[in-house]
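The structure appears below as structure tokens.
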Amino acid sequence: MKDMLEGEITELSENILFLLIKVLKWKDPINNEKYLYDINQLIFAVQHYPTKVKKRSIDYAKWMITDWLGSENSFNKLFFTQLKGYQNLSEIMSNSDCYTKINSLAPLISSDVVMNKFEDIRDYLY
């Protein structure tokens, strides 16, 4: 059951990471609210998994965000591969600051997910 839970969370995590990057890194008033909504829906999906398996926030942080985040070097490569279409938008923060911010958010979000206290990604971003 735990392996299945990990797999399902990991499957959602790439989208969570990319959406977090889009919200934190670039100014995109046209799409920002949609991205925030999508992040919330993905995290709600994780939060509402059955609680039969003993959950630990460190596992959730790892499965939801940090496994995909990788090193800062691999994080920077994302901007030249999957996220290259966004580089024409105004930057809100550097790649390094974005990486640091996401790393700091992972344990906070996952702790609240485990406790069923996650309500809105905005509570962590601003």
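All of the numbers you see were taken from the coordinates with simple rules; none came from a lab. Since we're looking at a predicted model, the values are computed, not measured. Glycine also receives a Cβ, built like all others from the backbone with ideal geometry; neighbour counts cover every protein chain displayed.
Miscellaneous remarks
- If you plug the beta carbon distance of residue 44 and residue 88 into 1/(1 + (r/R0)^6) with R0 = 22 Å, you get a FRET efficiency near 0.10.
- Normalised by the number of residues in segment 2-125, the mean separation of alpha-carbon contacts (under 8 Å, six or more apart) gives a relative contact order of 40 percent.
- Simple spin-label estimate for residue 120 and residue 3 gives 4.1 nm between the two label positions (7 Å along the Cα-to-Cβ direction from each Cα).
- Here the Karplus curve 6.51 cos²θ - 1.76 cosθ + 1.60, taken at θ = phi - 60°, turns the phi angles of segment 29-38 into couplings of x, 6, 10, 4, 5, 5, 4, 4, 4, 4 Hz, with x standing for Gly and Pro.
- Length gained on full extension, residue 37 to residue 80, computed as 0.36 nm times the residue gap minus the Cα-Cα distance: 12.9 nm.
- Between residue 30 and residue 97, the modelled labels are 2.4 nm apart [label points 7 Å from Cα along Cα→Cβ].
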